[in-house]
1. Name the residue that is farthest from the other protein chains (Cβ to nearest Cβ), counting only residues in segment A:295-305 that are hydrophobic (A, V, I, L, M, F, W, C) and surrounded by 24 or more Cβ atoms within 10 Å (Cβ to Cβ).
2. Mind listing whichever residues of segment B:3-58 are of a type in the set (A, V, I, L, M, F, W, C) and surrounded by fewer than 16 Cβ atoms within 10 Å (Cβ to Cβ)?
3. What residue, among those in segment A:74-125 that are surrounded by 24 or more Cβ atoms within 10 Å (Cβ to Cβ) and of a type in the set (G, A, S), is farthest from the chain's Cα centre (by Cα)?
4. Select from segment B:217-253 the residues that are away from chain A (no Cβ under 14 Å), within 20 Å of the chain's Cα centre (by Cα) and more than 18 Å from B:Y184 (Cα to Cα) and list them in ascending order.
5. Let me spell it out: the conditions are (1) β-branched (V, I, T); (2) within 13 Å of chain B (Cβ to nearest Cβ); (3) touching an Asp or Glu at 6+ places or on another chain (Cβ under 8 Å); (4) in contact (Cβ under 8 Å) with a residue 40 or more places away in the chain, and A:V29 meets all of them except one. Which number is the exception?
6. Starting from segment A:166-179, take each residue that is surrounded by fewer than 19 Cβ atoms within 10 Å (Cβ to Cβ) and list its partners that are of a type in the set (G, A, S) and not in a loop (DSSP other than H, G, I, E, B), counting only C-beta distances under 9 angstrom and pairs at least six apart or across chains.
7. Do you know which residues across segment A:317-344 are assigned to a helix (DSSP H, G or I), in contact with a Leu (Cβ under 9 Å, 6 or more places away or on another chain) and among the aliphatic types (A, V, I, L, M)?
8. For segment B:228-287, which positions are without any contact (Cβ under 8 Å) to a residue 24 or more places away in the chain, in a loop (DSSP other than H, G, I, E, B) and either under 30 Å from A:E325 (Cβ atoms) or hydrophobic (A, V, I, L, M, F, W, C) (or both)?
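The values are calculated or read from the model by the stated rules, or taken from the named source; none is laboratory data. All values reported here derive from a predicted model rather than from experimental measurement. For neighbour counting, all protein chains shown are included, and Cβ atoms are generated from backbone atoms with ideal geometry for every residue, glycine included.
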Protein chains: 2
Amino acid sequence: MKKLINHPDNIIREQLEGMQLAHGDLIKVNYEPYYITRKEATPEGKVALVSGGGSGHEPMHGGFVGKGMLDAACPGEVFTSPTPDQMFEAAKAVDSGSGVLNIVKNYTGDVMNFEMAADMAMAEGIKVQNIIVDDDIAVKDSLYTAGRRGVGTTVLIEKICGGAAEDGYDLKKLSDLCKKVNRYGRSMGMALTSCITPANGSPSFEISDDEMEIGIGIHGEPGIERDKLKSVDEITEMMTNSILDDPAYHRVLKEWDAGKNQWVDVEVVDDPFKKGDQVIAFVNSMGGTPVSELYGVYRKMAHVLEKRGIKVVRNLIGPFITSLEMQGCSITLLKADDEILKYWDAPALTPALRKKM
Amino acid sequence: MKKLINHPDNIIREQLEGMQLAHGDLIKVNYEPYYITRKEATPEGKVALVSGGGSGHEPMHGGFVGKGMLDAACPGEVFTSPTPDQMFEAAKAVDSGSGVLNIVKNYTGDVMNFEMAADMAMAEGIKVQNIIVDDDIAVKDSLYTAGRRGVGTTVLIEKICGGAAEDGYDLKKLSDLCKKVNRYGRSMGMALTSCITPANGSPSFEISDDEMEIGIGIHGEPGIERDKLKSVDEITEMMTNSILDDPAYHRVLKEWDAGKNQWVDVEVVDDPFKKGDQVIAFVNSMGGTPVSELYGVYRKMAHVLEKRGIKVVRNLIGPFITSLEMQGCSITLLKADDEILKYWDAPALTPALRKKM
């Protein structure tokens with residue numbers, strides 16, 4: 001296992017200490033339990049945006065805490081959900097009376113724990129809503145999920161909803177925007193290598209020197225298909241077309257109904273992409289792939305989109321939602337309307353993502 | 001060879017096409033010969049800042065073209081100097097009459113070619129100065145260098161001199177600042193894995209699963225010492241102390257003497273760090289190491305610096321000067337005075353590095 005670490009038991013704490021030392025002008029780390037908040041308290045009248053999940057996907061989510069994005073992030077152990085206790089304490093720390101929106105990636109542990117944390121916070125009089133992100137078109141159900149996994153769209157949601165929260169959206173309006181971005185976003189990933197979890201010390205899956213894995217998730221879980229390694233043009237064309245050809249996706253997601261005072265099941269349907277759509281295009285490194293190779297992916301993706309009549313109006317390129325040191329990439333396309341573009345372009349100042357301030 | 005590429009012969013062109021497609025709002029790619037300029041012409045009265053070198057270190061230098069940093073970057077083939085022709089054409093494209101400052105990393109090919117390009121440009125009446133960056137304390141002379149190699153300080157110089165050029169520094173004053181930053185900056189790198197050049201297809205050096213290489217350069221060239229893999233604390237302590245304990249470094253660097261109208265040899269001496277110094281601390285990924293591990297490095301580095309009475313006043317953490325997909329990191333420390341801090345904090349808007357605009 002080749003990693004720059006001390007003992008595997010201490011890596012989360014030591015990463016958090018490093019972040020505090022490096023970004024003390026923007027964030028504040030709480031150690032018992034672990035959560036990261038902005039340095040300044042949430043202004044009165046502003047909904048607090050909270051996310052979290054297993055570690056190993058850095059800079060997500062801790063790197064997105066700061067003005068214009070998250071108010072708090074809860075890191076679990078590597079590839080393990082944070083506890084309800086962390087989420088509850090974070091909610092109490094950042095609620096200014098206007099409520100808390102939890103952005104939850106669709107993994108069984110995260111969904112369950114964020115629901116428990118919401119119940120605990122609501123019992124103390126904090127308004128809460130949980131919105132589930134499930135944008136990975138590659139697999140339905142996996143080792144970690146019932147339904148589609150939450151991947152790249154999460155980064156875009158945290159930026160866009162962060163901008164809207166800063167602009168005064170109330171909890172209902174912010175939840176609606178968050179759900180819309182999830183409906184409009186679709187992702188697919190692939191890997192050239194596996195990753196190694198520090199506690200385990202061995203690769204999550206074995207893969208030969210001439211193979212690639214299509215449809216991987218962000219936890220080193222294998223994908224839908226093992227194939228001979230192909231050219232970046234072939235890989236990118238396949239991934240981009242898969243996203244564009246993904247049909248209407250029906251599923252039931254839980255949310256809190258404040259009127260009925262209970263969790264309810266809501267049917268959600270994604271519209272497929274169509275000619276003439278404008279998109280934000282996000283080409284992401286899984287951690288071990290350098291940015292030089294991402295530009296090769298971007299190039300072919302742009303050609304495919306142009307041919308299909310889809311216009312890229314904004315982009316994001318780099319390692320933003322990773323799987324430790326895995327080599328590979330993912331593509332996320334998000335249909336962009338005026339509201340989405342307005343808050344994508346809004347100022348942000350976080351350790352990992354910055355926009356004009 | 002596991003890379004997201006098409007044919008090795010086309011990767012530079014395809015990366016450049018990807019950059020043009022992604023960042024057409026900021027940059028403009030010229031294909032014959034290859035160079036990248038800002039989208040807008042250099043304003044009258046502003047010295048043009050140019051850099052370049054072998055590809056494989058992305059985002060350096062192309063990712064640093066834009067307001068507040070470079071006016072042009074010339075990419076060579078992977079780990080191969082660009083040609084004098086590229087540098088000459090880039091200089092002509094961005095000179096607004098106030099001259100061109102070439103920032104040259106100390107590799108034999110780059111130094112020779114930038115000198116030839118400067119001669120060609122001066123023959124056409126363009127004022128030029130070449131400043132050599134040689135900040136790597138690990139080795140003196142290598143496969144690619146006579147003297148110390150130019151590494152991490154290059155990124156900081158491009159930001160700081162970019163800010164000063166924007167602020168109206170003339171060629172002489174900008175050259176002096178550039179030389180000062182080089183004298184004040186020192187770096188050291190290490191690798192957990194080798195990298196694979198696309199044309200070659202095999203690792204630049206062999207390294208076992210339980211070994212690390214200390215003092216590597218950015219071309220996959222081996223370092224000063226092969227050792228058993230140690231903890232991040234031990235590695236970081238050794239690297240930080242090596243930088244701080246590096247004695248006064250004497251060498252002779254060539255520069256253009258406009259009065260004498262010829263290239264002259266100038267003796268340059270770096271002052272060692274001392275207690276009470278303020279520094280900009282830069283923890284860099286060699287490409288394959290994720291940011292999560294860099295925070296472990298930053299943490300220990302901050303502890304060592306505090307113990308030695310050195311104060312970190314700014315930092316930069318991430319993959320900015322890489323060696324393809326190599327796993328490993330480098331540390332750069334730059335003594336920071338008011339002039340350096342002023343231009344470190346100045347606005348910048350480039351594909352890879354952004355500051356408050």
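1. Initially, segment A:295-305 is screened for residues hydrophobic (A, V, I, L, M, F, W, C), giving A:297, A:301-302, A:304-305.
Still in the list and also surrounded by 24 or more Cβ atoms within 10 Å (Cβ to Cβ): A:297, A:301.
Working: A:V297: 6, A:M301: 9 Å.
Out of the qualifying residues, it is A:M301.
2. First, the residues of segment B:3-58 that are of a type in the set (A, V, I, L, M, F, W, C): B:4-5, B:11-12, B:16, B:19, B:21-22, B:26-27, B:29, B:36, B:41, B:47-50.
The answer is B:A41, and nothing else.
3. Among those residues, the one meeting the criterion is A:A121.
4. Within segment B:217-253, B:G217, B:H219, B:E221, B:P222, B:G223 qualify.
5. (4)
6. As it stands, the answer is A:K173/A:A164, since those pairs meet every condition given.
7. Keep residues of segment A:317-344 that are assigned to a helix (DSSP H, G or I), which gives A:338-344.
Subset that is in contact with a Leu (Cβ under 9 Å, 6 or more places away or on another chain): A:339-340, A:343-344.
Within segment A:317-344, just A:I340 meets the criteria.
8. If we filter segment B:228-287 for residues that are without any contact (Cβ under 8 Å) to a residue 24 or more places away in the chain, which is where we start, we get B:228, B:230-231, B:234, B:250, B:252, B:257, B:259-262, B:264-267, B:274.
Checking which are in a loop (DSSP other than H, G, I, E, B) leaves us with B:230-231, B:259-261, B:274.
Once the filter is applied, which keeps residues that are without any contact (Cβ under 8 Å) to a residue 24 or more places away in the chain, in a loop (DSSP other than H, G, I, E, B) and either under 30 Å from A:E325 (Cβ atoms) or hydrophobic (A, V, I, L, M, F, W, C) (or both), segment B:228-287 yields B:K230, B:S231.
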